[in-house]
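The values are calculated or read from the model by the stated rules, or taken from the named source; none is laboratory data. Computed from a prediction, not measured in an experiment: that's the story for all the values here. Glycine also receives a Cβ, built like all others from the backbone with ideal geometry; neighbour counts cover every protein chain displayed.
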Amino acid sequence: MSDVVELFPDREQLVLNMGPHHPATHGVLRFVLHTDGEIMSRAVPDIGYLHRGLEKLAEGQTYAGYLPFTDRINYLEAMFCNQVYAMAVERLLAVSLPPRAEYLRMIACELNRLANHQISLGCIAMDLGAFTPFVYLVRERETINDLMEALCGNRLTHHYLRIGGVAFDVDDAWLGRLAGFLDHFEPVIDEFDSLITYNEILIQRMANVAVICGEDAVAFGLVGPNLRASGVDWDLRRDLPYSAYGEVEFDVPVGQGQIGTVGDCLERFIVRVAEMRQSCRILRQCLAKLPAGDIQAKVPRLIKPPKGEVYAAVEGARGELGVYLISDGSNKPYRLKWRTGSFAGLSIIEHISRGLMIADLVAVIATLDVIAPETDR
Amino acid sequence: MNLDEIGARLSKELGASVTRQEDVGDPSLCVPSTHWKQACLLCRDLEALDFRFLRSLCGVDRPEAGSLELVAHLWSYRLRHALVLRTRAPRDAAELPSLSSVWPAANWHEREAAELLGFRFLDHPDPRHLILPEGWEGHPLRKDYRQGKTALGIPTVRPGYEPEGAAS
């Protein structure tokens with residue numbers, strides 16, 4: 001309570017509950033707010049409502065059997081969760097993938113990134129009171145869901161990737177549909193920009209709010225768009241290329257602070273919009289370069305990696321998504337740990353919440369793109 | 001710097017033995033638990049190491065060795081190198097200094113490791129449970145953990161249904 005006394009001398013604090021069921025907390029997540037009127041002295045996140053023990057469950061599953069569980073880590077990022085787990089096992093097995101499988105993984109993941117950013121940007125706008133952009137973006141996401149359904153039969157928890165490759169090949173008709181979607185969607189991003197990104201009310205609500213400096217972002221382990229919005233130029237796809245990202249060209253959007261400050265809520269919003277354009281660019285190159293060939297490497301039917309440990313990471317929609325996997329030589333993982341972007345994003349909120357308005361907290365949660373199931377696992 | 005050079009440098013600065021551990025996959029350095037925080041501070045502050053980013057901090061139960069392991073994955077954005085640093089503590093008295101003052105990101109990872117594996121972190125700024133409810137018995141990520149028939153007064157099994165391995 002010492003900081004409370006300092007900020008509000010001789011004033012009584014009101015302790016408020018926000019959540020666990022609150023439309024702005026993006027899942028079942030609770031905040032304990034210490035407030036004086038509208039101003040908070042701190043907001044303490046309380047998580048664990050969606051803890052499903054996915055790390056413990058891994059210890060009882062075979063390596064291939066755990067793959068469908070990874071979809072449930074984060075329902076908006078299923079492809080990335082599939083990919084990082086598959087990559088960890090492949091590195092233990094020393095399997096390398098046929099090029100077509102790598103490209104199909106890239107296509108699936110970038111589509112997933114688009115779908116995730118659409119929901120995330122729509123939710124930010126909705127949480128700040130603008131409902132229309134959400135509806136526009138959900139309409140676009142519906143097309144992606146249809147593409148995913150045609151690709152692997154599932155709309156949300158895709159389970160498209162397999163250890164050593166992908167489950168299904170694509171045909172020309174599907175690739176044509178994807179190209180058609182990109183032709184349609186790229187102008188929609190411009191439309192979205194003119195609709196909401198540079199909207200005066202949105203700028204007033206987000207610019208200069210909850211500024212996270214680059215140093216803090218690194219110290220608290222922020223990753224992905226949240227880190228780049230704070231001015232740290234880092235993207236695993238470009239800097240430590242995995243899959244076939246070394247063969248495609250794209251830019252990494254970094255917060256510039258043109259309207260507000262580097263590291264504020266608005267930057268986190270703008271970086272995500274810019275990432276959608278880059279994802280479209282990557283998808284177009286994948287379509288042009290997609291090689292022919294196998295979609296699955298030779299992997300033993302009974303997967304028994306040698307004794308060892310590996311840390312695999314991919315640039316998910318929320319940044320570095322990591323898996324630390326220890327094998328003891330049996331057919332089940334000995335220990336598996338998920339390192340997720342939401343976990344880091346949520347842990348910084350108590351640090352930055354001091355002096356914010358309650359309404360600003362909504363913008364902070366939304367722009368950090370926190371997803372409760374990913375935090376709790 | 002490669003792993004052996006980092007190991008030699010840490011060993012010299014700490015005045016303690018730093019061992020290299022390697023199976024398939026990522027090699028790691030193991031430091032004595034008495035020098036854990038000091039080693040982490042060096043990793044962060046030495047100009048030649050500059051590990052500012054704690055990617056992950058993970059506890060591992062090793063019942064056959066009677067110890068709990070804590071594994072830190074570090075990354076330096078400036079020098080673009082990685083390090084896996086680990087330490088071991090006895091399973092029944094796993095006390096380690098908290099790294100929250102070294103990397104604020106460690107705060108939540110340690111809270112998680114404390115409740116799920118039974119570490120005790122000294123000088124931790126906020127040693128409450130993170131994921132499990134207060135009052136939860138046992139440490140679920142230990143290998144010998146068995147869920148009871150009730151948890152916090154709520155039955156965990158359906159009547160007439162006995163899941164595999166849920167005995168005791």
Enumeration of residues in the stretch B:53-87 that are within 15 Å of B:Pro104 (Cα to Cα) and surrounded by fewer than 20 Cβ atoms within 10 Å (Cβ to Cβ): none
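Given the criterion touching a residue at least 12 places away in the same chain (Cβ under 8 Å), more than 12 Å from every other protein chain (Cβ to nearest Cβ), touching a Gly at 6+ places or on another chain (Cβ under 7 Å) and surrounded by fewer than 22 Cβ atoms within 10 Å (Cβ to Cβ), identify the matching residue among B:Pro97, B:Pro127, B:Pro90. Walk me through it before giving the result.
Details: B:Pro97 fails: touching a Gly at 6+ places or on another chain (Cβ under 7 Å); B:Pro127 fails: touching a Gly at 6+ places or on another chain (Cβ under 7 Å).
Of B:Pro97, B:Pro127, B:Pro90, the one residue that is touching a residue at least 12 places away in the same chain (Cβ under 8 Å), more than 12 Å from every other protein chain (Cβ to nearest Cβ), touching a Gly at 6+ places or on another chain (Cβ under 7 Å) and surrounded by fewer than 22 Cβ atoms within 10 Å (Cβ to Cβ) is B:Pro90.
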Of A:Gly27, A:Gly53, the only residue that is over 28 Å from B:Arg62 (Cα atoms) and out of contact with any Gly (no Cβ under 8 Å at 6 or more places or on another chain) is A:Gly27
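For every residue, the table says whether it meets (1) within 13 Å of chain B (Cβ to nearest Cβ); (2) on the phi > 0 side of the Ramachandran plot; (3) not in a helix (DSSP H, G or I).
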{"site": "A:Pro300", "(1), (2), (3)": "no, no, yes"}
{"site": "A:Glu309", "(1), (2), (3)": "yes, no, yes"}
{"site": "A:Ala313", "(1), (2), (3)": "yes, no, yes"}
{"site": "A:Leu321", "(1), (2), (3)": "yes, no, yes"}
{"site": "A:Leu325", "(1), (2), (3)": "yes, no, yes"}
{"site": "A:Asn331", "(1), (2), (3)": "no, no, yes"}
{"site": "A:Arg335", "(1), (2), (3)": "yes, no, yes"}
{"site": "A:Trp338", "(1), (2), (3)": "yes, no, yes"}
{"site": "A:Leu346", "(1), (2), (3)": "yes, no, no"}
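For the stretch A:287-320, enumerate the residues that are under 22 Å from A:Phe181 (Cα atoms) and more than 21 Å from the chain's Cα centre (by Cα).
Result: A:Leu287, A:Ala288, A:Lys289, A:Leu290, A:Pro291.
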Counting only helices (runs of 4 or more DSSP H) wholly inside the stretch A:212-255, the ones holding at least 2 residues that are more than 10 Å from chain B (Cβ to nearest Cβ) are A:224-229, A:236-239
All conditions in (1) within 11 Å of chain A (Cβ to nearest Cβ); (2) touching a helix residue (DSSP H, G or I) at 6+ places or on another chain (Cβ under 7 Å); (3) among the hydrophobic types (A, V, I, L, M, F, W, C) are true of B:Val31 except (1)
List the pairs whose first member sits in the stretch A:45-65 and is among the hydroxyl-bearing types (Ser, Thr, Tyr), whose second member is at pLDDT 90 or above and assigned to a helix (DSSP H, G or I), and whose Cβ atoms are under 7 Å apart, counting only residues at least 6 apart or on separate chains? A:Tyr63/A:Val89
Is it the case, given these coordinates, that A:Ser327 is farther than 30 Å from B:Glu22 by Cα, surrounded by 24 or more Cβ atoms within 10 Å (Cβ to Cβ) and among the hydroxyl-bearing types (Ser, Thr, Tyr)? no
Is it fair to say A:Val209 is buried (at least 19 other Cβ atoms within 10 Å of the Cβ) and either in contact with a His (Cβ under 6 Å, 6 or more places away or on another chain) or within 14 Å of chain B (Cβ to nearest Cβ) (or both)? no
Hey, among the residues in the stretch A:348-368 that are out of contact with any strand residue (DSSP E or B) (no Cβ under 7 Å at 6 or more places or on another chain) and within 11 Å of chain B (Cβ to nearest Cβ), which one's nearest to A:Gly122 (Cα to Cα)? A:Ile348
For the stretch B:149-167, does any single residue satisfy the condition of being within 11 Å of chain A (Cβ to nearest Cβ) and surrounded by 16 or more Cβ atoms within 10 Å (Cβ to Cβ)? no
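For B:Ser56, state whether it is under 26 Å from A:Ser347 (Cα atoms) and facing another protein chain (nearest Cβ under 10 Å).
Details: under 26 Å from A:Ser347 (Cα atoms): yes; facing another protein chain (nearest Cβ under 10 Å): yes.
In short, yes.
Residues checked against (1) within 23 Å of A:Lys337 (Cα to Cα); (2) charged (D, E, K, R):
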position	(1), (2)
B:Trp75	yes, no
B:Ala106	yes, no
B:Asp126	yes, yes
B:Lys143	yes, yes
B:Ala151	no, no
B:Val157	no, no
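Only one of A:Pro45, A:Pro20 is surrounded by 14 or more Cβ atoms within 10 Å (Cβ to Cβ), within 14 Å of another protein chain (Cβ to nearest Cβ), modelled with pLDDT under 85 and over 21 Å from A:Gly164 (Cα atoms); which? I'd like the intermediate steps shown before the answer.
Details: A:Pro45 fails: modelled with pLDDT under 85.
Testing whether each residue is surrounded by 14 or more Cβ atoms within 10 Å (Cβ to Cβ), within 14 Å of another protein chain (Cβ to nearest Cβ), modelled with pLDDT under 85 and over 21 Å from A:Gly164 (Cα atoms) leaves just A:Pro20.
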